[in-house]
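Participant: Handing you a structure now.
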Amino acid sequence: MSNTTCQRRLVIIGGGVGGVAAFAAAVRFRIAHSIDIVDPAGIGRCVAFSAIDPALLCNTSVETMSILDDDPDDFLAYLYSIGVPASRDAFVPRFYVSNYLVSRHSSFATLAQSAGISHRLVQAMARRITKVPTGGYHVLLDDDTRLEASDVLVCTGNGESYVPDVVRAHVRAPRLFECLYPEERVLKQLAPRSRVLVLGSRLSAVDAALILCRAGHSVVAASPSGRLPAVRTATPRMCPIPIDTDAFTRLDLRSPTLSWRILRIVSRAARAVRGQPLSNQVAYDSEPVERLRLEVELAQRGATDWQSIIVGHMDTAERRLRDDSPAQQRTAIGEISRPVGRYLFACPVQNGEKLLEYAEQNLFRVKAATPAALYRDGAWRVQWHDGSPDAYDAVICATGFHKAYLRVSANELALDADVDADIGVEPRVSTDLRVWMVGASQAERIWTLGLASHLSSPMINAVYQIVRQAGDLCRHWRGLDELNHERLTVPAEAR
Ligand SMILES: Cc1cc2nc3c(=O)[nH]c(=O)nc-3n(C[C@H](O)[C@H](O)[C@H](O)COP(=O)(O)OP(=O)(O)OC[C@H]3O[C@@H](n4cnc5c(N)ncnc54)[C@H](O)[C@@H]3O)c2cc1C
């Protein structure tokens, strides 16, 4: 590949998965002459993968964690290079992903240097992006400096952790945690054999239970559904059967029977894998720990065929949703999540096995309830909606995250809420991931990528999807650059 002749001055905001994947693609395709990455935490220090506890595993297999969209085995190769002989299907500790991001950032920075692309890592928080009247943008940082850019990629991940109303009044009180991560600070603050209430019962609640029960604490995971994630042994990329894309095209997203129709597509596909009905691949027990036990047994027997159709079907559903309005997309996702959410966000079978052990030791319990009131008098007192009381030594929110904050005015995009500023409105983000400012007649040269692209890609959540976005965008730029180059050179040659 030739060295860069391109004049793009690229600023990437965020040094997590999307930021590093975009950097790697930008360097490989030589689509910029300078690339800055801005992140106060540095590279690979994103919420998901900066967990240091080896018990906290990826919930997707090694083969979905490469940051190179055309080389799904790059993460596997990295693991081998550091002496970790994992398989493509394995669920490895999440800190390996953080180290992998650091390693690949470093090798692509070296490649950038040899290709004449200047690169800086700027450890600061980007607060807003303002349009420069003469062209381009200023990215304003929290240290009151600014970066100049012709093009900006916003890869800022999720927003703040979501704190339920009943907890909000107690934020920053002792032994009340708005979020599990970073997990080591939670462990440090708990007295031995603490009773911990975890609000939520999805993947972060499972993480909390795994590390707290291991340390001898007891955990009650409480959520309105009281449902734990399903368990699986792998998340293969390749769907072993043809996907019925027509069935997705025919879906009426406004239909009151949407979730039933989705379930029908999924169960047909799961059955097509080896002829086993979906009812033989999942468990329906209403008691969550019993259901977990049955699902762990199914996974151990290799009976969870549904896991091999999930990635392909999620991608097809995402493509189907793209044509609809954001409001319609959100409603449809709610409908899709009801029947299949716990399978989309299932946990590794190893985690299921450990949870069962802790449940048998009476250290782990699940409760289908939410607190009506919470107050502190030495212990944390909870009153449940049915009026019954409980007491805990600590409370942890595992209730998810807000979406990335994005607001636009006529000439700027704000990335964090600023009480002094005129905040503007949520931007339109077109399907090509570009941001539109208020009243503009064309899209900005500002792209959202990864979780920050939620306004145009509502189902974005997994590493492989984000990496694909980054690869597609940089390949598109490369194509445009080559076209421009031809336009400029061909007439001269013809003369
Ligand atoms: C606990 C947990 C576990 C997960 N496990 C998996 C998994 O196993 N597999 C999977 O595919 N997905 C997993 N995910 C989803 C995962 O978050 C994404 O796949 C991926 O990390 C998102 O990439 P991103 O680039 O959008 O955001 P992130 O990787 O979160 O990166 C965002 C970065 O932007 C920086 N940033 C934010 N705001 C600013 C700003 N204003 N200025 C400068 N920098 C800023 C942050 O510091 C951060 O480093 C998990 C998520 C969570 C919460």
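Participant: Being touching a helix residue (DSSP H, G or I) at 6+ places or on another chain (Cβ under 9 Å), over 16 Å from residue 295 (Cα atoms) and without any contact (Cβ under 8 Å) to a residue 12 or more places away in the chain, is that true of even one residue in region 335-352?
Facilitator: Yes; the residues of region 335-352 include at least one that is touching a helix residue (DSSP H, G or I) at 6+ places or on another chain (Cβ under 9 Å), over 16 Å from residue 295 (Cα atoms) and without any contact (Cβ under 8 Å) to a residue 12 or more places away in the chain.
Participant: Right, next: Quick one: is residue 442 out of contact with any Asp or Glu (no Cβ under 8 Å at 6 or more places or on another chain) and either part of a helix (DSSP H, G or I) or in contact (Cβ under 8 Å) with a residue 12 or more places away in the chain (or both)? Can you show your working first?
Facilitator: On the way: out of contact with any Asp or Glu (no Cβ under 8 Å at 6 or more places or on another chain): yes; either part of a helix (DSSP H, G or I) or in contact (Cβ under 8 Å) with a residue 12 or more places away in the chain (or both): no.
Against the criterion (out of contact with any Asp or Glu (no Cβ under 8 Å at 6 or more places or on another chain) and either part of a helix (DSSP H, G or I) or in contact (Cβ under 8 Å) with a residue 12 or more places away in the chain (or both)), residue 442 does not qualify.
Participant: Return the residue satisfying two criteria in turn: it lies in region 347-392 and is under 18 Å from residue 296 (Cα atoms) and β-branched (Val, Ile, Thr), and of such residues it is surrounded by the fewest Cβ atoms within 10 Å (Cβ to Cβ). Please lay out each step first, then the result.
Facilitator: First, the residues of region 347-392 that are under 18 Å from residue 296 (Cα atoms): 347-361, 364-366.
In the following step, the residues that additionally are β-branched (Val, Ile, Thr) were identified as 349, 366.
Values: 349: 22, 366: 25.
My answer is 349.
Participant: Can you name the condition, by its number, that residue 15 falls short on among (1) more than 9 Å from the ligand (Cβ to nearest atom); (2) part of a loop (DSSP other than H, G, I, E, B); (3) crowded, with 24+ Cβ neighbours inside 10 Å?
Facilitator: Only one criterion in (1) more than 9 Å from the ligand (Cβ to nearest atom); (2) part of a loop (DSSP other than H, G, I, E, B); (3) crowded, with 24+ Cβ neighbours inside 10 Å is unmet by residue 15, namely (1).
Participant: Would you check which residues across region 231-251 are outside any loop (DSSP other than H, G, I, E, B) and under 27 Å from residue 206 (Cα atoms) and list them?
Facilitator: 231, 232
Participant: Out of the residues in region 100-150 that are within 13 Å of the ligand (Cβ to nearest atom) and in contact with a Gly (Cβ under 9 Å, 6 or more places away or on another chain), which is farthest from residue 40 (Cα to Cα)?
Facilitator: Ranking the candidates gives 100 first.
Participant: Does region 41-54 hold any residues that are more than 6 Å from the ligand (Cβ to nearest atom) and either more than 10 Å from residue 94 (Cβ to Cβ) or not assigned by TED's automatic domain parsing to the domain that holds residue 16 (or both), and which are they?
Facilitator: 42, 43, 44
Participant: Which of the following residues is surrounded by fewer than 19 Cβ atoms within 10 Å (Cβ to Cβ), out of contact with any Lys or Arg (no Cβ under 6 Å at 6 or more places or on another chain) and either within 27 Å of residue 187 (Cα to Cα) or polar (S, T, N, Q) (or both): 116, 42? It would help to see each step written out before you state the result.
Facilitator: On the way: 116 fails: either within 27 Å of residue 187 (Cα to Cα) or polar (S, T, N, Q) (or both).
None of the other options fit; the residue is 42.
Participant: Out of region 172-203, which residues are within 13 Å of the ligand (Cβ to nearest atom) and part of a helix (DSSP H, G or I)?
Facilitator: 183, 203
Participant: While we're looking at this one, here's another question. Going through region 432-463 one residue at a time, which ones are away from the ligand (no atom under 16 Å from the Cβ) and either more than 23 Å from residue 316 (Cα to Cα) or assigned by TED's automatic domain parsing to the domain that holds residue 332 (or both)?
Facilitator: 436, 437, 438, 439, 440, 441, 442, 443, 444, 445
Participant: Just checking, how many residues over region 205-228 are crowded, with 24+ Cβ neighbours inside 10 Å and within 21 Å of the chain's Cα centre (by Cα)?
Facilitator: Matching residues across region 205-228 total 6.
Participant: Being among the hydroxyl-bearing types (Ser, Thr, Tyr) and in a strand (DSSP E or B) is the filter here, so list the residues in region 135-162 that pass it. Give the derivation first.
Facilitator: Taking region 135-162 and keeping what is among the hydroxyl-bearing types (Ser, Thr, Tyr), we get 137, 145, 150, 156, 161-162.
Of everything in region 135-162, those that are among the hydroxyl-bearing types (Ser, Thr, Tyr) and in a strand (DSSP E or B) turn out to be 137, 161.
Participant: Look at region 67-99 and say how many of its residues are part of a loop (DSSP other than H, G, I, E, B) and within 11 Å of the ligand (Cβ to nearest atom).
Facilitator: 4
Participant: Do we find that residue 291 is surrounded by 15 or more Cβ atoms within 10 Å (Cβ to Cβ) and not assigned by TED's automatic domain parsing to the domain that holds residue 219 in this structure?
Facilitator: For residue 291, the condition - surrounded by 15 or more Cβ atoms within 10 Å (Cβ to Cβ) and not assigned by TED's automatic domain parsing to the domain that holds residue 219 - is met.
Participant: Could you identify the single residue in 165, 142 that is free of Cβ contacts under 8 Å to residues at least 12 places away in the same chain and either surrounded by fewer than 18 Cβ atoms within 10 Å (Cβ to Cβ) or in contact with a helix residue (DSSP H, G or I) (Cβ under 7 Å, 6 or more places away or on another chain) (or both)?
Facilitator: Values: 142 fails: free of Cβ contacts under 8 Å to residues at least 12 places away in the same chain.
Of 165, 142, the one residue that is free of Cβ contacts under 8 Å to residues at least 12 places away in the same chain and either surrounded by fewer than 18 Cβ atoms within 10 Å (Cβ to Cβ) or in contact with a helix residue (DSSP H, G or I) (Cβ under 7 Å, 6 or more places away or on another chain) (or both) is 165.
The values are calculated or read from the model by the stated rules, or taken from the named source; none is laboratory data. Just so it is clear, the model here is predicted, and its values are computed rather than measured. Glycine gets a Cβ as well: all are built from the backbone with ideal geometry, and neighbour counts include every protein chain shown.
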